[in-house]
Every structure is written in C-alpha cells, then in structure tokens.
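Undergrad: Attaching a single structure in structure tokens format; questions to follow.
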Amino acid sequence: MIKRVILGIIACLTISSSTFADEGMWLPTLIKERIKEMRKMGFKLKAEDIYSSEKASLKDAVVQFGGGCTGEFVSEQGLLLTNHHCGYGSIQKLSSVEHDYLTYGYWAQSMAEELPVPGLTVSLLVSMEDVTERLAAGEKREDIIASATKGEGYRASIESIYYGNQHILYVYQTFRDVRLVGAPPSSIGKFGGDTDNWIWPRHTGDFSIFRVYADSNNQPADYSKENVPYRPKRHFKISTDGIKEGDFTMIYGFPGNTQEYVISDAVEYVANVSNPMKIALRTQRLETISAAQAKDPAVRIAYAAKHAGIANGWKKWQGESLGLERLGTVEKKKQYEAAFAEWAADKPQYASLLDSMRAAYATTTEGYFVRELFNETIGAIEAYSYARAAQSAIDRNAGDYFTLPKDYNIDIDRTIARQMIAEFMKRMPTKYIPEALRSGIKGSGSIDAYVDSLFNGTKILRQGPTALESLAGDPMLEFAKIFAPIVSHNSRYLYRNLSNVPSIEKWYRTYMQALREWDGNRAFYPDANFTLRVAYGTICGYENADGEYHTPLTTLDGIIAKDNPQIYDYDIPQELRDIYKNKEYGRWAIEKDGRTTVPVCFLASNHTSGGNSGSPVINGRGELVGINFDRTWRSTMSDIEFDPTICRNISVDIRYVLFVVDCIGGAEYLLKEVGVK
Ligand code: ARG
Ligand code: GLU
C-alpha cells in the first residue's frame, strides 16, 4: 500500500500502523472490530454498549431528526437535543409577528406549553441486519422489507454499502408527535450567521430542544392532547465535567454523503467541473439576494433562511476544492491507480477494470452535469418550483387553489430568473437546450424580455389563493413544461453522487473487491449514506496556517469580543451582555488561561459530514459532552479525502447549552429533568 506521509504530527492525534484512528464512519454493528483501538484512545465502554440487538444500548438514544439531521434523547421522558439550524424550520413555522420565537427564542415553562410541530418526525433505528446472503439466496427485497415492518410506525429499507457489495436492512420506527420545548434567540443559536459558518474560532449556541410524544402504549401516534412523553429505552447522561485537548470523543449520527474510494476522474469532476459551476452560479444568486436584503429589513428576514441555505453549500464547495488542491488528491489518486494497474495487469478479472471505469465516466459525466446545472439554474428559480407545484396539484386533482408561499419576493426571483436562464443558455450543452426555450427567448427579443413576459403574465405569483381552474395556459406553467424532457433525463441521475450512478457504480463493485485484495492493510469503512454511523477521535486543535495553531475551546469572552450591535450576525441579546458584565456565570464558570469564563464550542478530530448536525458528542464514559454542528472550512474535502492533520468537527459544548437554558431561558426544570440539578 501507499504509505501516507504526514509532515506535522500534532500531539492529540493517534496514529496506528494501518490507518489514522480519526478517519472513518463505522457501522455500529461492526464496531467490535474497532473497539480495541477506541479503548486505547480512552473509551471505557464495550461494543455492545454502542449497539446491541438484545438490550438497550446507546443507539436507542440517537434519532434521525426531520429529514437530514441527528438528535439525541437526554431524559427518560423523551427530551431531545438537536441543532438550532436543524430546528430552524420548525421554529419558523411556529413563529408569527406576535410570537417571534426565531428572534427571541422560546422556553416552555411546563409540558403544557410545549408546541406541537405539524409534520415534524423523528426516526429511531430499531435494528439493522446484513441481508447480503439472503438476497443472494434469492429472497426478494420487497419480502424482506414487508416482513421487517411489523411494528407500529415501522418502516424499513435495504441500503447497499461498498457500491453494492453488501446490503443492510434498516428498520426504523417513526414518531409523529414532536413538540418544541426550547430554542435560544437566533442571536445565540445562529450567532456568527453565515460569516462564521464553516469557520473556527466559532461561538454559535447551535442547539434547540424538542420532546417526542407517544400514545399510552409508548407507540408512535398522530398529535393528540392525550399523548404522553415517549419513554426511550436509553437516553444520554450529561457530563458537566467538561473536555480538554486529547480527550476521547465519539460521534453517533447519520452522515449523508461521502465518496472516499472514487478514482481520480470523479475527483476531477468535483473539483474542476461541478464545484466551480455551482459556486459561480450561487455567487450571482447570493449577490442578488444580499443586495435586496441590504435595502429592506423585511426582505432580510424573509430571505434569511434561503440565503443561509444557498451560502452553506457555496462556502463548503470552495473549501472542498481548495482542500482537494492542497492535498493533491487527483495526483495522489492517479499514482494509487497506476500502482493498482500494475498489480492488476496479470489478473484477468481486474486487468481492464480501470479502463472500464474511465470509459464509464467519459460517457456518464455529461448527463450528471446536466442534472446539476439544471438544478442550480432553472431549479433555482422559485417561480419554476411554484409552477411545478401548481401543475402537480392540477394533474392530481388535489385542491382548488394554489397559494403563493409567504416570504416570496418577486423582484429577487425575477432578477435570479434572468441571470439563471442566461447561465443555462451559456453553459448547457446545445443538445439539451429545449427548442421551446430558444424560440421563446427569440420571440421576446431578449432573455430579460422573455422573463418579464413570464413574470408579468402569470397568475401564480399574486398574493392570495389562485384558482387552479384559471391556470390553463398560464405562461409560468407553460415555461415549466418546457423542461419536462430534462427533468425526466435527470431522473436517471438521481443518486447521491456521480459515482453512484448505476453505469459507473457497477464497476466500483469490482474495484472495491480488488482494493481489498491489493491494499489489504487499508481499513475500509463504507461511504456515508444517511445511515447510523460511529466516528471517534479526540478533542484536538490544528495548525490553520503556518505557525498559527487553533486551540480547541472557545469561550464567552470570544462572543463578547465579536459582539457588535451594528452587525446583525454579531448582535447578542442584552441579557448576555449583562451576565458577562456582572460575571453571573453560576456553576457554569470555568477557569481558562487565568480568566473566569464560560465554555462555548470545541473542536475534535471526528470524521463527520452533512447529516451529522445535531449528533451527540460522547466522552469515554459514554456521556454527552456536546452537540456536533459543523466542520472547519479547511476540512470539507474530508467527504473525499480525510486529512487527520487538519480535519476537525465543530461542536457546541453541553455546558454552554445548559448555561443558556439556565441563565437566558430560565428553564430550570429542564436542568432538573436532565439530571444536572
Ligand atoms: N455548516 C453547517 C452545516 O453544514 C451549518 C449550516 C447552518 N448555518 C448557517 N449559518 N448557514 O449544515
Ligand atoms: N452542518 C452540517 C449538517 O447540517 C454538518 C457539517 C458538516 O458537513 O460536517 O449536517
């Protein structure tokens, strides 16, 4: 195998002969294979404490929150922690001008004040099982799934790992009555906003609190006043002892999408084609939105979440491309592939494998690019999505009216439509440009005039309900129809990433087998796929730039240093200023470098990805010490190559969470419930 060379070794990294201890997202059922190393690093529990099919284990305390986040139980009454940015949509839904919980926060003072969130669900993993052999023996997927979904609220799916070499059956139980218990004001929960997003040093109190309710038999049920708090089989004990550099940490959650084993062709696509395209298009959209926000405070609020969502990927991809370049990932992969090819040359089953993979990329990449470009251009026009929603309501005969979502700004969307249609025309390979679009633009004289004809002519962008009946021939609905061929073309590329597209993935199945034979010492962990994983590492700083070491713990003093009422992202609540002034930290006070302060966020070397937001950060005794919410900007290439010297995940310290609950929320009863009082 190719030995990786690292130049600077930082004290908190553990290095074993075969792999770096901090890399990897492991299957909970196979964690026994890692447990020796974990124990060497400071973990005190056993493999079956992490996952057991017989008894309650930590896995019963971890949930998938909403669609794409993680959450964890912290009391025997179903109290749940996740990130503020994961609860954001729910908090927004419950907010109104009179009750602006996003801005001011919300603290239920009793269970009766907890607010049901319509549509919010959390899912618990009931069991997982390797069904590769059952499938090979001829059992049908549908039958395996049907026989696994016996319990109340159960759903099951079979997910493949290692590009289809193994198949795992996951059984989940989904709870439908989830209520908001507490949320800090955004000036704490989103402190630093997009400016600090992906950045260290960080000072975001990125947490929110929910509770799961069940029927009288502890089973999932629709919302009802009769429901009672769910009693989880297991919940996390909170540790207020704190963390220090070098301490063991484990992350237990649902990371979404990594591609660690791809060949150089895939990395070149991400770094040189996909990311630059997406970044350039989003730069334009962000400039348009920011300019409108700067002019009107109401627009700033209405477009805050949209701006944050667009900026999140935009910033991440820039970090990722830079990281891949800095690591020389493409070049390294090419060398690895050359060495592999040499080994494979006299093995008939593998000799032409890389050629086949390259050929598959050559024929598949364009189709995937079309999908990505379409999503980032036409798909970015809000009116296009509304037109599709209205059309689908008409087609399904569902309801009588289309209602424009609140917070829509037609001027922003019109500008974005002009920009994005122009980019679509410029960047899309000619054969994918619909003739109707071309002639529409030609007929109007220019792209801008064409866009105006759509925006001025449509009925769906008016406030208030629009009768679906009146939409026959509506220009925006007609515009949306133009792209039907591209949308159906795209449906062939609906995979997590380019390497998962079937025409390519089939070769990876063999490649993974070959790599295991050839590079036997490498520790292979399956790519993330939104299923439950364990990552472990240590509390650890890193060298951010030559001679510039970033220590792993931030404090309230850093918040005060950033505080500025003139800057929206850094304008903290007055209570926090007062608490700082009077040093009223109570038992949350710590001594750091001779100062009395409060801990806020910390860094660790766990391998995480999008979807790990809200994941519990666990110490060596299996206790909760923080909630994961981000990675550093320079870590973001870890979805393709993990660099143990600089890849760090960012968590909010549980002591800061409790400090905010206690001193800002005044919700002492919650502290009692989680056993810290
Ligand atoms: N970067 C984090 C993640 O990928 C946090 C995103 C939410 N925060 C924000 N300022 N946009 O999801
Ligand atoms: N904030 C991300 C999330 O929502 C986690 C950051 C990352 O990509 O690691 O899952």
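The values are calculated or read from the model by the stated rules, or taken from the named source; none is laboratory data. Given the structure is predicted, the values throughout are model-derived calculations rather than measurements. Note: ideal-geometry Cβ built from the backbone for every residue, glycine included; neighbour counts use all protein chains shown.
Undergrad: If I filter region 571-591 for residues that are buried (at least 16 other Cβ atoms within 10 Å of the Cβ), under 30 Å from the mean Cα position of the chain (by Cα) and aliphatic (A, V, I, L, M), do I get at least one hit?
TA: yes
Undergrad: Condition test on S157, is it part of a strand (DSSP E or B), touching a residue at least 24 places away in the same chain (Cβ under 8 Å) and polar (S, T, N, Q)? Break it down into steps so the answer makes sense when it comes.
TA: Working: part of a strand (DSSP E or B): yes; touching a residue at least 24 places away in the same chain (Cβ under 8 Å): no; polar (S, T, N, Q): yes.
Here the answer is no, as S157 does not meet what is asked.
Undergrad: Out of region 189-210, which residues are more than 16 Å from ligand 2 (Cβ to nearest atom) and either charged (D, E, K, R) or surrounded by fewer than 24 Cβ atoms within 10 Å (Cβ to Cβ) (or both)?
TA: P201
Undergrad: Taking A304 and the conditions (1) closer than 30 Å to A294 by Cβ; (2) within 16 Å of ligand 2 (Cβ to nearest atom), which numbered condition does it fall short on, given that it satisfies the others?
TA: (2)
Undergrad: Part of a helix (DSSP H, G or I) and within 16 Å of ligand 1 (Cβ to nearest atom) - does that describe any residue in region 323-346?
TA: First, pick out the residues of region 323-346 that are part of a helix (DSSP H, G or I): 323-327, 329-344.
Then drop every residue that is not within 16 Å of ligand 1 (Cβ to nearest atom), which leaves 323.
The answer is yes, given that some residue of region 323-346 is part of a helix (DSSP H, G or I) and within 16 Å of ligand 1 (Cβ to nearest atom).
Undergrad: Go through region 55-100 and give me each residue that's more than 16 Å from ligand 2 (Cβ to nearest atom), over 19 Å from M111 (Cα atoms), crowded, with 16+ Cβ neighbours inside 10 Å and at pLDDT 95 or above.
TA: Matches in region 55-100: S57, L58, K59, D60, A61.
Undergrad: Now for a separate question. So how many residues does region 281-315 have that are without any contact (Cβ under 8 Å) to a residue 12 or more places away in the chain and more than 16 Å from ligand 1 (Cβ to nearest atom)?
TA: 7
Undergrad: Specify which of the listed residues (S147, S187) is within 16 Å of ligand 1 (Cβ to nearest atom), in a helix (DSSP H, G or I) and over 21 Å from the mean Cα position of the chain (by Cα). Break it down into steps so the answer makes sense when it comes.
TA: Values: S147 fails: within 16 Å of ligand 1 (Cβ to nearest atom).
From the options S147, S187, the qualifying one is S187.
Undergrad: Do we find a residue being away from ligand 2 (no atom under 16 Å from the Cβ) and either within 30 Å of L102 (Cα to Cα) or not hydrophobic (A, V, I, L, M, F, W, C) (or both) anywhere in region 309-324?
TA: As a first pass, look at region 309-324 and keep what is away from ligand 2 (no atom under 16 Å from the Cβ): none.
No: zero hits.
Undergrad: Shifting gears a bit: Within region 526-546, can one find any residue that is without any contact (Cβ under 8 Å) to a residue 24 or more places away in the chain and among the basic types (K, R)? Give the derivation first.
TA: Restricting attention to region 526-546, the residues satisfying the condition of being without any contact (Cβ under 8 Å) to a residue 24 or more places away in the chain are 545-546.
Next, from what is left, pick out any that are among the basic types (K, R): none.
Within region 526-546, none of the residues are without any contact (Cβ under 8 Å) to a residue 24 or more places away in the chain and among the basic types (K, R).
Undergrad: Ok, one more. Every residue in region 350-407 that is in contact with a Ser or Thr (Cβ under 6 Å, 6 or more places away or on another chain) and of a type in the set (G, A, S), please.
TA: A360
Undergrad: Shifting gears a bit: Quick check on this structure: which one of V62, V74, V97 is more than 25 Å from the chain's Cα centre (by Cα) and of a type outside the set (S, T, Y)? Walk me through how you get there before you give the answer.
TA: On the way: V62 fails: more than 25 Å from the chain's Cα centre (by Cα); V74 fails: more than 25 Å from the chain's Cα centre (by Cα).
None of the other options fit; the residue is V97.
Undergrad: Let me ask something else about it. For V652, are the conditions met, namely being modelled with pLDDT of 95 or more and either within 16 Å of ligand 1 (Cβ to nearest atom) or part of a loop (DSSP other than H, G, I, E, B) (or both)? Steps first, please.
TA: Working: modelled with pLDDT of 95 or more: yes; either within 16 Å of ligand 1 (Cβ to nearest atom) or part of a loop (DSSP other than H, G, I, E, B) (or both): yes.
For V652, the condition - modelled with pLDDT of 95 or more and either within 16 Å of ligand 1 (Cβ to nearest atom) or part of a loop (DSSP other than H, G, I, E, B) (or both) - is met.
Undergrad: Pick out, from region 547-614, the strands (runs of 3 or more DSSP E) lying fully within it that include 1 or more residues that are more than 20 Å from V625 (Cβ to Cβ) and at pLDDT 95 or above.
TA: Of the strands (runs of 3 or more DSSP E) lying wholly inside region 547-614, those with at least 1 residues that are more than 20 Å from V625 (Cβ to Cβ) and at pLDDT 95 or above span 548-550, 595-597.
Undergrad: Go through (1) touching a residue at least 24 places away in the same chain (Cβ under 8 Å); (2) surrounded by fewer than 16 Cβ atoms within 10 Å (Cβ to Cβ); (3) over 26 Å from D60 (Cα atoms) for Y106 and report which single condition fails.
TA: Only one criterion in (1) touching a residue at least 24 places away in the same chain (Cβ under 8 Å); (2) surrounded by fewer than 16 Cβ atoms within 10 Å (Cβ to Cβ); (3) over 26 Å from D60 (Cα atoms) is unmet by Y106, namely (2).
Undergrad: Within region 253-266, is there a residue that is closer than 30 Å to M425 by Cα, away from ligand 2 (no atom under 16 Å from the Cβ), in a helix (DSSP H, G or I) and among the polar types (S, T, N, Q)?
TA: yes
Undergrad: Could you go through region 30-40 and let me know if any residue there is farther than 20 Å from R211 by Cβ, away from ligand 2 (no atom under 16 Å from the Cβ), in contact with a strand residue (DSSP E or B) (Cβ under 6 Å, 6 or more places away or on another chain) and among the β-branched types (V, I, T). Break it down stepwise before answering.
TA: Within region 30-40, the first condition is being farther than 20 Å from R211 by Cβ, and the residues that meet it are 30-40.
From the residues that got through so far, the ones that are away from ligand 2 (no atom under 16 Å from the Cβ) too are 30-40.
Now restrict to residues that are in contact with a strand residue (DSSP E or B) (Cβ under 6 Å, 6 or more places away or on another chain): 31, 34, 38.
Narrowing the set further to residues that are among the β-branched types (V, I, T) leaves 31.
Yes, because at least one residue in region 30-40 is farther than 20 Å from R211 by Cβ, away from ligand 2 (no atom under 16 Å from the Cβ), in contact with a strand residue (DSSP E or B) (Cβ under 6 Å, 6 or more places away or on another chain) and among the β-branched types (V, I, T).
Undergrad: Related question: Which residue pairs have Cβ atoms under 7 Å apart, sit 6 or more places apart or on different chains, and have a first residue in region 358-375 that is under 18 Å from I263 (Cβ atoms) and a second that is outside any helix (DSSP H, G or I) and not hydrophobic (A, V, I, L, M, F, W, C)?
TA: Hits for this filter: E366/P429.
Undergrad: Oh, and also: Restricting attention to region 619-639, and to residues there that are more than 14 Å from the chain's Cα centre (by Cα), of a type in the set (A, V, I, L, M, F, W, C) and within 16 Å of ligand 1 (Cβ to nearest atom), which single residue is surrounded by the most Cβ atoms within 10 Å (Cβ to Cβ)?
TA: M637
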